[in-house]
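Student: I'd like to ask you about the structure that follows.
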Amino acid sequence: MATLALFIARLLNIYSFIIWIRILMSWVNPWPQRGTLTYFLAQMVDPYLNMFRSSKFRAGMLDFSPVIGIGVLSVVQSIFQIYGMYGRMSLSLIICLFISAFWAYAVQLFFTFGFILLIMKTIASFMPNSRFGYSMSRISGFADPITAWVRRTFFKNRYVKETTVNIITLVIFIVLYFGLRYCFNILYMLAARIPF
């Protein structure tokens, strides 16, 4: 049974790799034609990824649903890997794997992406009349809802420079990131103490 679990874990690992190849190839060739390698990979991978497609996981043109799909696959692969290596599995370990995957594939990804966009938006606000600043502000437009929330929450009915709002949003983002990281560590430690 352990050998079968390790075999399934390796298959899931290969499937995850194929999903990454499909994602990268979709940037080059978003509409694959029949008979191409991209089309073959799409036939293998897209039915699984379609289970996670939702407008909730989209930010403009970017679709994060494949990352959610890879995260779920990673948890299942880890469960088979651990069972194959140790011959047993516990509820606490499964919960710990889900907590780790949720942190890595959802929360940390959101904060990394948001942090990059906020830095770009802040740089753009320091040079609004330059071509570079204009380009940066167009790319970082996905961060507008976050900065708009900060403006409404902290600076209601007051005029504040865009650079000030962006810097305060960055600070809030950093504090929130480390606060959530601390909370996830506590949650992980509590889950690890579950006796079964």
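Any read-out appearing in this document is the output of simple, stated calculations on the displayed coordinates, not a laboratory observation. Quantities reported herein were computed from a predicted structural model and do not represent experimental measurements. In this analysis, Cβ positions are derived from the backbone assuming ideal geometry, glycine residues included, and neighbour counts consider all displayed protein chains.
Student: Using a simple spin-label model with points 7 Å from Cα along the Cα→Cβ vector, what separation in nm is obtained for PHE40 and ALA106?
Tutor: Between PHE40 and ALA106, the label points sit 3.6 nm apart.
Student: Now, a different point. Over the chain, calculate the relative contact order: mean separation of alpha carbon pairs under 8 Å at least 6 apart, over the residue count, as a percent.
Tutor: Result for the chain is 22 percent.
Student: Counting alpha carbon pairs within less than 8 Å and at least 6 residues apart, what relative contact order, in whole percent, applies to region 1-89?
Tutor: Relative contact order here is 47 percent.
Student: Mean 1/r over all different Cα pairs, inverted: what Kirkwood radius does region 1-89 give, in Å?
Tutor: Answer for region 1-89: a Kirkwood hydrodynamic radius of 14.2 Å.
Student: When semi-axes √(5λ) of the Cα gyration tensor in Å is calculated directly from the model, which label among (i) 45, 33, 9; (ii) 38, 26, 11; (iii) 24, 20, 17 fits?
Tutor: (ii)
Student: Shifting gears a bit: Hey, if you put +1 on the Cβ of every Lys and Arg and -1 on every Asp and Glu Cβ in the chain, which of THR38, ALA148, LEU73 ends up farthest toward the positive end of that dipole?
Tutor: Selected residue: ALA148.
Student: Could I have the simple spin-label model distance between MET89 and LEU187, label points 7 Å from Cα toward Cβ, reported in nm to one decimal?
Tutor: Rounded to a tenth, the inter-label distance reads 2.1 nm.
Student: Something else now. Quick one: dipole size for region 1-89, taken about the Cα centre, charges +1 on Lys/Arg Cβ and -1 on Asp/Glu Cβ, in debye to the nearest 20.
Tutor: Rounded to the nearest 20 debye, it is 80 debye.
Student: Given only helices, namely DSSP H runs of n ≥ 4 each adding -39500 (n - 2.57), what is the per-residue ellipticity at 222 nm of the chain, to the nearest 500 deg cm²/dmol?
Tutor: -25000 deg cm²/dmol
Student: Take the Cα of ASN50, step 7 Å along the line toward its Cβ, and report every residue of region 66-84 whose backbone nitrogen sits under 19 Å from that point.
Tutor: Residues 66-70, 73 fall inside that zone.
Student: Here's something else I'd like to know. Over region 96-196, what is the relative contact order in percent, taking alpha-carbon pairs closer than 8 angstrom and at least six residues apart?
Tutor: 34 percent
Student: Here's something else I'd like to know. What distance in nm lies between label points placed 7 Å from Cα along the C-beta direction at TRP31 and VAL171?
Tutor: 4.9 nm
Student: Still on this model: Say we join alpha carbon atoms closer than 10 Å with springs in a Gaussian network model of the chain; which of PHE64, PHE184, PHE155 then has the biggest fluctuation?
Tutor: Of PHE64, PHE184, PHE155, the most mobile in the Gaussian network model is PHE155.
Student: Related question: Rounded to whole Å and sorted largest first, what semi-axes of the equivalent ellipsoid does the C-alpha gyration tensor of region 96-196 yield via the square root of 5 times each eigenvalue?
Tutor: Equivalent ellipsoid of region 96-196: 34, 15, 9 Å, largest first.
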